[in-house]
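Report on one structure; see the data block that follows.
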Amino acid sequence: MEIIKDLKKRSSELTDLHHIMALLQWDQEVQIPTNAAQDRAGQLATLSTIIHRKEVSIELGDLLLEAEKQIAHLSETDRALIRVMRRSYDQSTKLPEQFVADFSRLTSQALNVWVEARKRSDFKMFSPLLEKIVSMCREQAEYLGYTNEPYDALLDLYEEGLTTTQVASLFEEIKDPLTEMVHRAKQMPQQEINISKDLERRRQTEFAEQALQKIGFDFTRGRQDVSAHPFTTTMGHNDRRVTNRYNPRSLEFIFSALHEGGHALYEQGISSDLNHTALDNGVSLGIHESQSRLWENIIGRSLPFWQNLYPNLKEHFPGLFDNLSIEEFVKGINVIKPGLIRVEADEVSYNLHVLIRFEIEKGLMEGSLPVKDLPVVWNQKYKEYLDVEVDSDANGVLQDIHWAHGSLGYFPTYTIGNMAAAQFWHKFTQLHQDYEAIIAGGTLEKIRTWLTENIYRHGSVYQPAELLQKVTGEGLNPQYFLDYLRQKFRLPDPMT
Ligand code: MG
């Protein structure tokens, strides 16, 4: 059909442009010379403008309308392509140009102020800008449209179809059990791993590469490099890259490799039939995060995984783990230690950090929580849910970059990811009850093949909720995540 051919041509061109953009950004994060930063910013701005014009073009809008008229006669993949292109077209065209320019100016100013405010640990400095951001986010929601409440429009930007009511009820189910677990964990004796000698950088890189190889990352279609914050990016169907960072006294590099590796496996597993289309991406942030967390935590922090890899780690860093049994090592990488910082949180307390941000964002959007009250409310919630005292705004309300970015509605996708990971994994273990032997055997191919068949190869063809339903036979159910934690950490069910 001519129209579909036309749409695919446009999608292919836009995909190329986005990949070129990703290459410029990757270069900026990984290896750009210091003095080239300003020129690069200009290049990125120029390219963004070109992409934006193509994305909001009247011809594309007309094509979409025409294609939608014929939707009943199209294949599942073509229908999905129209859905994804419509979604991005609407998101780009519903916001007036003036609004986009103002919002971008506001957030780049806010970013600078946030960096300074965090350095000085002074929320009052950042507060006036956050007020403006919240008010513009409300405006943004009005432009984008929603059925029930403005916050829904923001959630949907990051997780297609997600609503405030749904997030609230998911958190309702995990809030008390998790708080209870955190309190119980505080009574348990736990031993962190003490790294007594610097880990050689070259050996860290090598080991991270081996870990990536172990989970099936394809180095002929990707790379691992170094950046300030680890990330995964795509610059072509056969070019999905990860980055990592290395500290001399930390094992973080292993779990970063597995986390970003999980994101990359998802992308590398997308069917080549979807190449050069808008469907050649993971479907949402939540489903993406489910794959990073699955490989990082559920598999990567399990005893069977290390039964296979621990001898290798010992060999790489001679003498360092001699007095640590594998059981002690695995306990050491799974210590539950409620703290102030989200990105350092363990699996049990992590989602309470997200819950706090969700409750605050909801209050901000509804107008029931004034920005100026944020530090007090933040600190109260940390005391209530995590039983920790916040010592400063820097370690409290100012710790995350998301609000300065103007990204309200983003945080819940982290929790969706953790829940979905446990639910997908439950399904896999039902089908493969020898899952521990599979992991300990070191060939993780069976797992990767199942994930590829059921999740990865589809790219963005199915909406997040639809995919979950298709693979696991039900909607997002937080009980799998709670069961997983209870079984893993052997904390008794607080209800019994
Ligand atoms: Mg991630």
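Just so you know, all these numbers are worked out from the coordinates, no wet-lab data involved. Everything numeric in this text was worked out from a predicted model, so none of it was measured. When we count neighbours, we look across all protein chains shown, and the Cβ atoms used for this are built from the backbone with ideal geometry, even at glycine.
For the pair S75 and Q109 in one chain, pulling the backbone fully straight at 0.36 nm per residue adds 7.7 nm over the alpha carbon distance.
With 21 Å as the limit, the listed pairs K427/K470; K5/K470; K186/K381 have K5/K470 beyond it between alpha carbons. Computing FRET efficiency as 1/(1 + (r/R0)^6) for S88 and H405, where r is the C-beta to C-beta distance and R0 is 25 Å, gives about 0.85. Look at the dipole of the chain built from charges on Cβ: of T449, L324, F253, the Cα furthest out on the positive end belongs to L324. The phi-based Karplus calculation (6.51 cos²θ - 1.76 cosθ + 1.60; θ = phi - 60°) puts the 3J(HN,Hα) values of the range 151-163 at 4, 4, 4, 6, 4, 4, 4, 9, 9, 3, x, 6, 10 Hz, whole numbers, x for Gly and Pro.
The trypsin sites (Lys or Arg not before Pro) of the range 137-210 that DSSP puts in a loop, and whose beta carbon has at most 16 other beta carbons within 10 Å, are K186, K197. Residues whose amide H lies under 5 Å from that of D225, counting only those 5 or more places away or on a different chain, are V242, T243, N244; hydrogens are built 1.01 Å from N in the peptide plane. Mind grabbing the base-10 log of I(q)/I(0) for the range 341-452 at q = 0.22, 0.24 Å⁻¹? Debye formula, identical points on the C-alpha positions, no solvent, two decimal places. After summing over all Cα pairs, the log10 values are -1.20, -1.41.
Take every Cα pair under 8 Å whose residues are at least 6 apart in sequence, average their separation, divide by the length of the chain, and the relative contact order is 21 percent. The calculated 222 nm mean residue ellipticity attributable to helices in the chain amounts to -20000 deg cm²/dmol, summing -39500 (n - 2.57) over DSSP H runs of n ≥ 4 and dividing by all residues. Would you mind calculating the gained length between D387 and A101 on full extension (0.36 nm times residue separation, minus the Cα-Cα distance), in nm to one decimal? Once the chain is fully extended between D387 and A101, it gains 98.8 nm. Length gained on full extension, K197 to V335, computed as 0.36 nm times the residue gap minus the Cα-Cα distance: 47.6 nm. The phi-based Karplus calculation (6.51 cos²θ - 1.76 cosθ + 1.60; θ = phi - 60°) puts the 3J(HN,Hα) values of the range 178-184 at 5, 4, 4, 4, 4, 5, 5 Hz, whole numbers, x for Gly and Pro. Once both labels are positioned 7 Å from their Cα atoms along Cα-to-Cβ, the gap between V377 and E445 label points is 5.3 nm.
Shown here for the range 178-266: chymotrypsin sites (Phe, Trp or Tyr not before Pro) in loop regions (DSSP other than H, G, I, E, B) with at most 15 other Cβ atoms within 10 Å, namely F219.
Using the Stokes-Einstein relation with a Kirkwood hydrodynamic radius computed over Cα pairs, the translational diffusion coefficient of the chain at 25 °C and a viscosity of 0.890 mPa s comes to 102 µm²/s. Ranked for footprinting exposure by Cβ neighbours inside 10 Å, fewest first, Y414, Y151 give Y414, Y151.
Considered as an equivalent ellipsoid built on the Cα gyration tensor, the range 2-149 has semi-axes of 35, 23, 12 Å, the largest given first.
In order along the range 18-28, the Karplus-derived 3J(HN,Hα) couplings, from 6.51 cos²θ - 1.76 cosθ + 1.60 at θ = phi - 60°, round to 5, 5, 5, 4, 4, 5, 4, 5, 4, 4, 5 Hz, and Gly and Pro are given as x. Put in order of Cβ neighbour count within 10 Å, fewest first, the listed residues V461, V377 become V377, V461.
Under 16 Å from the Cα of K124, which lysines turn up, not counting those fewer than eight places away in the same chain? Candidates past the 8-residue exclusion: K132, K372. Can you give the FRET efficiency for L44 and D176, using 1/(1 + (r/R0)^6), R0 = 51 Å, r = Cβ-Cβ distance, to the nearest 0.05? That gives a FRET efficiency of 0.65. Neighbour counts of other Cβ atoms within 10 Å put V115, V30, V182, V343 in the fewest-to-most order V343, V115, V30, V182. For the range 70-225, averaging the sequence separation of C-alpha pairs within contact (under 8 Å, six or more residues apart) and dividing by the residue count gives a relative contact order of 11 percent. Each Cα pair under 8 Å and six or more residues apart adds its separation to the average, and for the range 2-149 the resulting relative contact order is 22 percent.
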